[in-house]
Amino acid sequence: MKRAVIAILAAGASLCSCSETTQRAIPQDGEIEKKVEQVLSRMSLEEKAGQMVQLTSSVIIKPGTHEVSPEGEAILRKYKIGSILNSMNDVADTPEAYRQFIGQIQQISIDETGIPCIYGLDQIHGGTYTVGSVLFPHEIALAASFNDSLAFKTGEISAYETRACSVPWVFTPTLDLSRNQCWPRMWESFGEDPLVQSRMGAAMTRGFQGVDPNHIDAEHAGTCIKHYLAYGASTSGQDRTPAMVSPRELREKFFPPFKAAIEAGALSVMVSSSSNDGIPFHSNRELLTDWLKEGLNWDGMIVTDWADAKCLYDRDHTAPTYKDAIAQTLNAGVDMIMEPYDTLVCRYIMELAEENTVPMERIDDAVRRILRLKFRLGLFDDPLSQKSGFGNFGSRQSAETAYRAALESEVLLKNEEGLLPLKKDSRILLVGPNAGSVRSLNGGWSYSWQGEQSDNEEFTAEYHSIREALSAKFSNMEYLPVLEYAPYGDFRKEIRGDYGDAVCAARKADVIIVAAGENSYCETKGNINELTISPDQSELVKTLAATGKPIVLVLGGGRPRVINDIEPLAQAIVSVLLPGNYGGDALAALLAGEENFSGRLPYTYPKYVNRLNTYDYKLCENRATMEGLYDYNANIESQWPFGHGLSYTTFEYSNMRADKTEFLSDDTIKVEIDVKNTGSVAGKESVLLFSSDLCASVAPDVRRLRDYAKVSLEPGQSTTVTFNLKASDLAFVDHSLRRILEPGGFRLSCGSEHIMVECVEHRTAIVE
């Protein structure tokens with residue numbers, strides 16, 4: 001058992017505050033700071049208030065055009081608005097159209113105040129709102145690849161194609177730990193694990209912004225990481241609903257992804273729409289100012305989510321008036337208020353400053369941060385961001401990256417008796433609502449908010465649904481639309497045909513492919529009351545299974561739907577998640593054996609709707625039977641665990657070793673393991689390193705992912721994978737919110753192998 005230790009911090013130091021000696025998250029640029037102060041010194045209070053407000057494009061656009069309306073121009077001039085967001089006319093448009101619209105906005109803004117406006121878009125998985133842009137797999141699918149370089153390239157290409165529209169600022173990446181599988185925004189994140197979220201979020205941030213966050217060039221874009229904090233830990237599983245996460249767990253698991261992205265240079269942060277333990281995040285000064293701004297010594301900008309400042313008044317009831325809600329939000333540390341339709345907020349900011357309810361110092365700090373962002377993006381020098389011709393927009397090379405990302409993100413969950421890959425001459429029956437739709441491959445934030453425009457040929461004529469991709473690959477395939485999604489309205493609505501037709505066709509087939517899962521949705525519209533797959537889809541699988549023909553179940557969607565009743569009926573199961581426009585092509589190549597599966601689940605796939613858990617559960621949650629009076633039993637049972645994924649080949653792990661079995665808190669442990677492809681085809685393997693703390697003063701998780709690497713091996717080929725594990729990474733956060741590393745044993749595991757190491761240091765406080 002570990003000996004009790006006292007975590008020792010330097011005298012006067014605090015976890016969540018910084019000193020003059022704390023390294024800045026983003027190095028300060030003296031010239032930019034000088035320019036910021038020059039602009040700030042000449043601004044009126046009215047101009048400052050305007051800079052702190054963001055409106056949606058529909059308020060200022062002439063409907064059905066790409067022009068600022070006369071009423072919109074009057075608003076921009078009267079209220080000195082600092083930012084505009086959202087697509088024009090609520091649908092994707094061309095780069096040329098964006099340049100026209102934004103050009104008018106910039107002309108008005110500079111003419112009125114001399115300060116350029118900043119335009120932002122939710123470019124979630126590529127140029128979400130841009131015609132002709134390459135759409136990549138969503139974050140949840142990228143996480144399944146366990147390939148950080150794909151996250152980087154996605155960010156890099158997405159930034160380029162966004163900047164072609166004269167849009168310099170994107171509300172991405174999403175860094176919410178998805179801890180409840182019901183949550184409708186799960187697919188926007190990198191899954192349930194803090195390390196995957198941290199590494200991929202930082203990689204995507206660097207891809208978007210380039211090498212110098214102080215000087216974002218014309219082919220990169222500033223990021224707004226979101227949603228700070230614990231948005232994906234909703235206790236109800238519904239969007240925009242409260243969380244109940246302890247401060248200790250907030251610090252240990254939810255905060256690190258944001259910290260990593262900020263240390264990678266992220267320029268701005270969007271606040272969670274939710275609350276935690278009764279405190280709305282928009283009014284939580286400790287989290288916004290103490291942890292984020294001061295604790296990380298970060299001089300970036302914080303913006304609210306959609307109309308969320310007002311929510312403190314009319315939803316959360318923590319503010320007696322709308323004006324008080326604005327005061328709480330600003331005093332907590334928010335710099336820009338996204339109040340999309342309401343200019344009243346401008347007047348309230350001015351009144352609050354004049355009353356000193358919000359000190360002028362806080363107003364000036366917010367405006368400095370907004371101006372700093374605009375200077376870092378080069379908007380004062382080039383408001384339209386047009387320094388190149390963007391000849392690689394929608395290029396073949398970018399499309400190839402999206403295709404490779406889809407290949408590495410799709411997960412083979414089950415493959416009994418080697419049913420897959422399928423023979424090219426197999427007689428295939430294809431059914432299911434996800435078969436004939438590009439929409440179900442792209443998900444939400446695809447050409448429109450809810451993604452329904454993905455089946456509009458104006459946007460996706462050149463891309464292939466699963467049906468189209470399989471038809472091109474397998475000559476003996478028959479598709480029957482016996483179950484389809486309704487084209488509009490509720491994403492859950494399904495149109496059912498005669499299953500008898502499918503049964504007749506199945507009798508002539510060698511194999512049945514059922515493409516099932518979810519239709520596209522976004523945000524609150526994706527709320528569900530039942531995590532089980534739809535009754536009609538379940539019945540379809542059961543009906544076809546009765547024919548005795550083997551079934552390949554292809555699951556698509558943004559979250560895992562419970563399938564425990566039909567899983568035994570399928571001989572092979574593939575999860576494609578949300579792979580983007582090239583997901584159908586990738587699936588066809590994988591099912592044909594032209595490519596090999598390498599994806600792994602980025603979340604725990606639940607088996608029961610009342611047994612939702614993550615892989616890093618507490619040991620007490622999974623116990624053997626306690627015999628006696630109560631016959632107590634507790635167990636964790638999932639359909640598939642986090643990190644699960646099969647291949648057409650096999651990999652053997654052996655000879656796991658470390659360069660030291662005893663270590664101190666500032667040591668780095670070199671861990672090595674040999675991996676061999678023991679099968680007959682080439683394959684990629686995600687090698688995952690886990691740790692288990694054997695005993696701690698806070699009940700430890702059963703295990704935690706500490707590192708990962710992806711290797712490519714030919715048949716018979718071996719390689720040695722090396723992990724350089726910092727001892728400090730094994731620390732945990734105690735109830736005083738200190739990161740500590742206690743003496744005692746740790747089990748390190750990788751594949752089927754494990755070794756033991758031990759911390760032998762008694763003074764083990766880790767100061768962040």
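No value in this document is a laboratory result; all are computed from the given coordinates. All figures in this text were calculated on a predicted structure; none of them were measured in a lab. Methodologically, a virtual Cβ is constructed for each residue, glycine included, from the backbone with ideal geometry; neighbour enumeration extends over all protein chains shown.
Below, the figures for the structure above:
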read-out: Pairwise Cα inverse-distance average, inverted: Kirkwood Rh of region 163-244 (Å); value: 13.6
read-out: Square roots of five times the Cα gyration tensor eigenvalues for region 144-292, Å; value: 26, 16, 13
read-out: Proxy reagent accessibility, fewest Cβ within 10 Å first, across Asp176, Asp148, Asp290; value: Asp290, Asp148, Asp176
read-out: Compactness of region 102-220, expressed as Rg and Dmax over alpha-carbon positions, Å; value: 15.6, 49
read-out: Rg/Rh ratio calculated on Cα atoms of region 674-733 (Kirkwood radius); value: 1.14
read-out: Neighbourhood charge, 11 Å Cβ-Cβ cut-off, centred on Thr460 and excluding it, Lys, Arg +1 and Asp, Glu -1; value: -4
read-out: Region 636-757: relative contact order as a whole-number percent, Cα under 8 Å and 6+ apart; value: 30
read-out: Stokes-Einstein D in µm²/s, Kirkwood radius over Cα pairs - the chain at 4 °C with 1.567 mPa s viscosity; value: 48
read-out: Per-residue ³J(HN,Hα) for region 191-202, Karplus 6.51 cos²θ - 1.76 cosθ + 1.60, θ = phi - 60°, Hz, x for Gly and Pro; value: x, 9, 9, x, 5, 4, 4, 5, 5, 6, x, 5
read-out: Base-10 log of normalised Debye intensity for region 499-555 (one unit scatterer per alpha-carbon) at q = 0.16, 0.23 Å⁻¹; value: -0.56, -0.90
read-out: Charge dipole magnitude, Cβ of K and R +1, D and E -1 - region 503-622, Cα centre, debye nearest 20; value: 240
read-out: Candidates per chymotrypsin sites (Phe, Trp or Tyr not before Pro) in region 561-612, loop by DSSP, up to 14 other Cβ within 10 Å; value: Tyr608
read-out: The chain, helix-only ellipticity at 222 nm - DSSP H runs n ≥ 4, -39,500 (n - 2.57), divided by all residues, nearest 500; value: -8000 deg cm²/dmol
read-out: Size of electric dipole in the chain: Cβ of Lys, Arg +1 and of Asp, Glu -1, about Cα centre, debye, nearest 20; value: 780
read-out: All-pairs Cα distance distribution in region 73-162, expressed in whole percent, bin size 10 Å; value: 16, 38, 27, 15, 4
read-out: Loop trypsin sites (Lys or Arg not before Pro), region 231-318, which have at most 15 other Cβ atoms in a 10 Å radius of their Cβ (DSSP); value: Arg315
read-out: Cα Rg, Dmax (largest Cα-Cα span) when computed across region 252-338, Å; value: 12.6, 39
read-out: Shape of region 433-542, Cα gyration tensor, a/c cut at 1.5; value: oblate
read-out: Rg/Rg_globular for region 651-766, with Rg_globular taken as 2.2 N^0.38 Å and Rg from C-alpha atoms; value: 1.18
read-out: In region 493-554, the trypsin sites (Lys or Arg not before Pro) that fall in loop regions by DSSP, at most 15 other Cβ within 10 Å; value: Lys493, Arg507, Lys508
read-out: Where only C-alpha atoms are counted, convex hull volume of region 42-376 per residue in Å³; value: 118
read-out: Region 717-768 versus region 187-225: alpha-carbon centroid distance in Å; value: 26
read-out: Computed log₁₀ I(q)/I(0) - Debye formula, equal Cα scatterers, no solvent, region 356-398, q 0.31, 0.33, 0.34 Å⁻¹; value: -0.98, -1.03, -1.06
read-out: Radius ratio Rg over Rh of region 211-366, counting only Cα atoms, Kirkwood formula for Rh; value: 0.97
read-out: Kirkwood Rh, Cα atoms: Rg over Rh of region 340-458; value: 1.21
read-out: Prolate/oblate/rounded label for region 410-606 (Cα gyration tensor, a/c 1.5); value: rounded
